[in-house]
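Report on the following structure.
The values are calculated or read from the model by the stated rules, or taken from the named source; none is laboratory data. No experiment lies behind these values; they were computed from the predicted model shown. Positions of Cβ are backbone-derived with ideal geometry, glycine not excepted, and every protein chain shown enters the neighbour counts.
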Amino acid sequence: MRLLILHLATVFGGAERTTSNLITHLDRDVVRHVSVAAPEALRAFLPQGIDTFIDTSGLIRHGWFSSAKGLMTDVRAAGDLIAEARPDLVLGMMHYPAALAVLGSRLKRLRVKTVGSYRGPVYEHMRRYEHGVQRKLFLRLAVGATARLADRMIVPSEGTAGELRRRFLVPTGRIAVIPNGIDLAQVASAASESASGLERLPDALPKICVAARLSAEKDVGLLLAAFRHVQGQRPAALVVLGDGPDRGALIQQVKDWGLDDRVVFLGHRENVYPYIRAADLYVHTCQFEGFGYTMLEAMACGTPVIATDCPYGPREVIGDNAYGMLVPMEDPGALASAILALLADPQRRADLAAAGLERARQLSIERMVRRYEAVFEDVMRSA
């Protein structure tokens, strides 16, 4: 099978980690040739097992649904790219690449199978961040048409699958739920490296860690508000990994509260594992989430996890507080209480760390990749 992966991100996050893991662990007796079409900026983050890399920087103009005209321009470009690459199957990772893969193949009438992979709940994004009736109608049509025309849609959680069925009328038979997987051996190796920057924090304080894009939907401001509550009862330190448009405002907020000696913003780090492993707690805040890969990374590092119970991923990863602690969304008091409870209970932290490691073993990288391969083979067999 000749596989083409279309992935248009320029930064490395959870979806990009899934793409990288998939490429690394594919059975090359099943997938004999792997091409990746992505912006040049992503190339450095991808593994070596790629046969052909296609730079999309000068070909595809957008990374999200800008307008109907912009979408059609990119659909035509994607169709030409797919025709030249001549794959048997195209995998579009995330919403916009999936649309380009599916619609581009249809437009050019190519004899190629298409699989889309929506990594998160787009309806939740639309509800919070898209405005205007026409804009929302355009997105519903584009996202829904892509999912219904694809040979299969892969999503990382049952909640995201339910959204596709309810909001976009996608038949159940077209959807495959494949949770993200993690490579425990790779995490253990990477976590053994040094964690520069932590020396800025007082050694005696327990450490809380978060790794996220610093943007509104990740809701790191909620953690900062909870962290401020915590200081009154149990002084602690906070490590923030990641970058994004809200970084300046978050740093200023910490300064205004007089907590800049307790919080470090370390920016983007290619290897987050040493920082997560060094933490006493990992906190995942988000307004919506397809899966929440950093929770799984923390579990693999043996660090107990607290997460907001947002749609849809955290509850499926953590279960009913079996592998971590869930707290209500948008409630800094509840989050602060959970942090304080775990900081005061070393045995509970140890129990959650052990349970988290077991969850990481359940959600292995091998399990994930074999299920992707099964979908690919099933699609290839279909008429």
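Only one entry of Val102, Val75, Val133, Val122 meets the criterion of being surrounded by fewer than 20 Cβ atoms within 10 Å (Cβ to Cβ) and free of Cβ contacts under 8 Å to residues at least 60 places away in the same chain, and that entry is Val133. Leu46 meets all of the listed conditions (1) without any contact (Cβ under 8 Å) to a residue 40 or more places away in the chain; (2) over 23 Å from the mean Cα position of the chain (by Cα); (3) surrounded by fewer than 20 Cβ atoms within 10 Å (Cβ to Cβ) but one, namely (2).
Quick one: would you say Arg277 is assigned to a helix (DSSP H, G or I) and closer than 25 Å to Leu184 by Cα? Answer is yes for this residue. The residues on offer are Ala355, Ala336, and the sole one that is in the same structural domain as Ala216 (by TED's automatic domain parsing), out of contact with any Leu (no Cβ under 9 Å at 6 or more places or on another chain), within 22 Å of Arg247 (Cα to Cα) and of a type in the set (Gly, Ala, Ser) is Ala336.
What residue, of Ala195, Ala204, is more than 20 Å from the chain's Cα centre (by Cα), buried (at least 17 other Cβ atoms within 10 Å of the Cβ) and part of a loop (DSSP other than H, G, I, E, B)?
Working: Ala204 fails: buried (at least 17 other Cβ atoms within 10 Å of the Cβ).
Result of the check over Ala195, Ala204: Ala195.
Taking each residue of the stretch 190-208 that is touching a residue at least 40 places away in the same chain (Cβ under 8 Å) and looking for partners that are of a type in the set (Gly, Ala, Ser) with beta-carbon atoms closer than 6 Å, six or more apart or interchain, yields Ala195/Ala278; Leu201/Ala237; Leu205/Ala236; Leu205/Ala237; Pro206/Ala236; Lys207/Ala237; Lys207/Ala279; Ile208/Ala236.
Please find, within the stretch 310-328, the residue that is modelled with the lowest pLDDT out of those that are over 16 Å from the mean Cα position of the chain (by Cα) and either of a type in the set (Phe, Trp, Tyr) or in a loop (DSSP other than H, G, I, E, B) (or both). Full working, then the answer.
At the first step, the residues of the stretch 310-328 found to be over 16 Å from the mean Cα position of the chain (by Cα) are 319-328.
Checking the rest, the ones that are also either of a type in the set (Phe, Trp, Tyr) or in a loop (DSSP other than H, G, I, E, B) (or both) come to 319-324, 328.
Values: Gly319: 92, Asp320: 89, Asn321: 93, Ala322: 95, Tyr323: 98, Gly324: 98, Pro328: 97.
Among them, the one singled out is Asp320.
Scanning the stretch 51-72 for residues that are exposed (fewer than 15 other Cβ atoms within 10 Å of the Cβ) and in a helix (DSSP H, G or I) turns up Ala68, Lys69, Gly70, Met72.
Out of the residues in the stretch 1-40 that are among the β-branched types (Val, Ile, Thr) and over 19 Å from the mean Cα position of the chain (by Cα), state the one that is surrounded by the fewest Cβ atoms within 10 Å (Cβ to Cβ).
Pass one, the stretch 1-40, residues among the β-branched types (Val, Ile, Thr): 5, 10-11, 18-19, 23-24, 30-31, 34, 36.
Filter once more, so that each one left must be over 19 Å from the mean Cα position of the chain (by Cα): 30-31, 34.
On the way: Val30: 16, Val31: 22, Val34: 22.
Applying the filter and picking the extreme gives Val30.
For the condition modelled with pLDDT under 95 and either among the aliphatic types (A, V, I, L, M) or touching a strand residue (DSSP E or B) at 6+ places or on another chain (Cβ under 8 Å) (or both), what is the one hit in Val31, Val11? Answer to the check: Val11.
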